[in-house]
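Asks: Take this structure, written in structure tokens, and hold onto it; I'll ask about it next.
Just so it is clear, none of the values below were taken in a lab; they were calculated from the coordinates. Predicted model, so just to flag it, every value in this text is computed and none were measured. Virtual Cβ from ideal backbone geometry, glycine too; neighbours counted across all protein chains shown.
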Amino acid sequence: MKTGKHLAMLAVCLVVLWASRFGPYTCGSLPAFTGETGTSWLAIAANGLFLVLLLYLPAYDFISLLTYKLGWEPRFDPLVVYEGEFSTNPVSTKTRRILYAVDIAVVGFFLLPLWTKAAYCG
């Protein structure tokens, strides 16, 4: 089922990218920092890739929780995130929640406007 969760996570991220065009902002009302990005394929790909990378952990864990709650899996199996490069201790649940909030805030306030400017306002 892990492969299915990875594919579902990728689908969620692609839906977020696609749905961003219907966001509450228009090309003229995007923040000023989005003017620094171009409309080249490199800007579109880089912004999309950063968006998917930051959404990877919360989206995967959400899909894992959803499959557990629906009874498709016997236990909740989130991705394991470690404290540091050489650490063998996984981060606590409280730290994961803070990480989710930071990830979603960065995506919502910075990466989605950059993606929208590069992909749709060119």
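Asks: Once the piece of chain linking residue 99 and residue 76 is laid out straight, how much longer is it, given 0.36 nm per residue of separation minus the C-alpha distance between them?
Replies: 6.4 nm
Asks: Right, another one. For the pair residue 21 and residue 69, what calculated FRET efficiency results from E = 1/(1 + (r/R0)^6), where r is the Cβ-Cβ distance and R0 = 30 Å, to the nearest 0.05?
Replies: 0.50
Asks: Further question: When only C-alpha pairs under 8 Å and at least 6 residues apart count, what is the relative contact order of segment 58-122, in percent?
Replies: Relative contact order for segment 58-122 comes out at 20 percent.
Asks: Can you give the percent of C-alpha pairs in segment 36-89 whose distance is more than 16 Å?
Replies: So the portion of pairs separated by more than 16 Å is 62 percent.
Asks: Still on this structure, please answer the following. Between residue 109 and residue 85, what is the label-point separation in nm under the 7 Å Cα-to-beta-carbon projection?
Replies: Taking the simple label geometry, residue 85 and residue 109 are separated by 2.9 nm.
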